[in-house]
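Visitor: A single structure is presented below for examination.
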Amino acid sequence: MHSFHYKNASLHCEDVDLAALADEHGTPAYVYSANTIRDHYRRLDQALEGLDHGIEYAVKANSNLSVLKLLVDEGSGFDIVSGGELRRVIEAGGDPAKCTFAGVGKTREEIQYALKEEIYCFNAESEEEVAFISQVASEMGVNAPVAFRVNPNVDAKTHKYISTGKSENKFGVDFEVIEEAYARAAALPNITLRGLQMHIGSQLTSLQPFMEAVEKVSPLATKLKETYGIEFFSIGGGVGIVYDPALASGKPEWWADQDEEQKPLTIEQYAAGVMPVLKQTGLKILLEPGRYIVGNAGVMLTRCLYEKKGTAKTFRIVDAGMNDLIRPALYEGHHDIAPLKEPGDTAVTAVDVVGPVCETGDFFCQNRELPDFAPGEAIALLSAGAYGFVMASNYNSRGLPVEILVDGSVAKVVRPRQTMDDILASEIAAL
């Protein structure tokens with residue numbers, strides 16, 4: 001479910017006309033649907049009913065304070081990967097005691113901060129990290145709750161940059177030596193072994209890799225519970241979204257053949273598959289969804305500047321660039337593109353939609369058949385709610401886009417557009 005649809009021939013987010021937002025606030029602009037975020041959280045929570053579970057939203061997917069506040073109000077916990085993300089959760093009203101701290105390179109300052117705020121657990125990526133956490137905790141005179149991330153060596157069959165569960169990836173402790181790692185960690189001072197964690201990758205649209213990993217690691221979790229009294233087994237996140245608009249008014253004819261090969265894995269299918277195995281562990285099961293919650297809850301609006309017709313291609317040049325949305329350039333991420341003005345016919349043209357950044361990789365699609373849109377008209381890049389704004393940069397000295405949250409008929413700016421004065425404010429021209 002998501003809340004983007006054509007109404008009165010104009011693309012809307014819930015009850016708000018996106019063309020009106022583009023005119024009022026300018027482009028590029030990120031727009032998020034509050035109702036979509038709530039719906040996805042609730043669907044996941046309901047699908048796991050009957051299983052002792054907790055949802056730890058992956059803050060790295062979209063860390064806007066207003067997005068986090070929506071999830072705090074729903075009762076979510078949080079998966080964080082930096083001290084900065086912990087600070088964001090606290091600022092949004094979240095409870096550190098419902099936060100798990102992942103990531104391979106935690107600093108002393110981050111560990112101290114997390115211990116001071118009494119987070120639920122560190123998800124550690126190596127024995128060396130646990131030894132360092134033990135040292136810091138001992139210096140502070142407190143106990144540090146720790147879970148190892150196990151690397152089950154399961155191929156997620158996703159893009160190599162977002163696959164994390166193979167032995168050649170930088171994440172986690174190899175499955176073959178994980179029990180020895182727990183034995184050594186148990187002997188360290190000021191360490192409490194609280195759980196076991198795994199995560200095999202992102203944007204998975206098949207149940208098979210999840211089942212392979214859960215079936216392989218669940219017996220280990222049960223054994224660790226018996227040996228060390230661990231409380232939880234975190235199975236990570238990774239449930240993919242289908243980058244397909246499925247507009248509420250019915251899929252337009254010009255989208256008829258787009259993404260036919262993508263077969264969505266529903267959250268109900270996912271839960272039905274993994275729950276029987278997980279129940280047998282007797283542990284609390286944590287999930288760390290990010291993209292599933294917010295991916296299809298956001299769009300990026302951009303306006304066409306020019307059309308350039310070359311001998312080989314037609315380019316539509318827009319005012320957003322790879323600095324605003326890097327997914328297509330970074331790991332070939334796909335985003336469906338919808339004109340804000342509903343096309344009156346089904347005619348399409350093969351075009352490249354490209355930005356103004358001085359890089360050949362600055363494109364949003366290549367040779368894609370799209371309905372016509374002219375210079376001056378705005379379009380929406382769909383499914384941009386996850387790993388969109390959070391990965392934006394000031395490359396080419398371009399300001400960060402405005403972020404807008406829509407809830408029903410109300411649209412609020414939740415981060416103003418960054419100005420050049422903002423960019424320069426922290427710099428010093430020194431000899």
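Visitor: Take the residues in the range 38-72 that are part of a strand (DSSP E or B) and of a type in the set (Gly, Ala, Ser), then tell me which one is nearest to Gly388 (Cα to Cα).
Guide: This residue is Ala58.
Visitor: Please work out which one of (1) within 30 Å of Arg43 (Cβ to Cβ); (2) not β-branched (Val, Ile, Thr); (3) not assigned by TED's automatic domain parsing to the domain that holds Arg43 is the condition Leu286 fails and give its number.
Guide: It is condition (3) that Leu286 fails.
Visitor: Test each condition in (1) under 20 Å from the mean Cα position of the chain (by Cα); (2) modelled with pLDDT of 95 or more; (3) among the small types (Gly, Ala, Ser) for Ser138 and report the one that comes out false.
Guide: Result: Ser138 passes all but (1).
Visitor: Just give me the residues in the range 361-377 being of a type outside the set (Lys, Arg), surrounded by fewer than 23 Cβ atoms within 10 Å (Cβ to Cβ) and within 26 Å of the chain's Cα centre (by Cα), in sequence order.
Guide: Gly361, Asp362, Phe363, Cys365, Gln366
Visitor: Looking at Ala144, Ala183, which one is at pLDDT 85 or above, surrounded by fewer than 21 Cβ atoms within 10 Å (Cβ to Cβ) and outside the structural domain of Glu332 (by TED's automatic domain parsing)?
Guide: Working: Ala144 fails: surrounded by fewer than 21 Cβ atoms within 10 Å (Cβ to Cβ).
Among Ala144, Ala183, only Ala183 is at pLDDT 85 or above, surrounded by fewer than 21 Cβ atoms within 10 Å (Cβ to Cβ) and outside the structural domain of Glu332 (by TED's automatic domain parsing).
Visitor: May I ask you to list the residues in the range 364-390 that are of a type in the set (Asp, Glu) and farther than 14 Å from Pro28 by Cα?
Guide: Selection gives Glu369, Asp372.
Visitor: Same structure, new question: Step by step: first the residues of the range 389-431, then only those that are free of Cβ contacts under 8 Å to residues at least 60 places away in the same chain and in a helix (DSSP H, G or I), then the one that is nearest to Asp324 (Cα to Cα). Which residue is that?
Guide: Ranking the candidates gives Ser397 first.
Visitor: Please count how many residues of the range 350-366 are polar (S, T, N, Q) and under 11 Å from Arg316 (Cα atoms). Walk me through how you get there before you give the answer.
Guide: Of all residues in the range 350-366, those polar (S, T, N, Q) come to 360, 366.
After this cut, where a residue has to be under 11 Å from Arg316 (Cα atoms) as well, the list is 366.
Residues meeting the conditions: 1.
The values are calculated or read from the model by the stated rules, or taken from the named source; none is laboratory data. The structure displayed is predicted, hence computed values, not measured ones. Cβ sites come from the backbone with ideal geometry, for glycine too, and all protein chains shown count toward neighbours.
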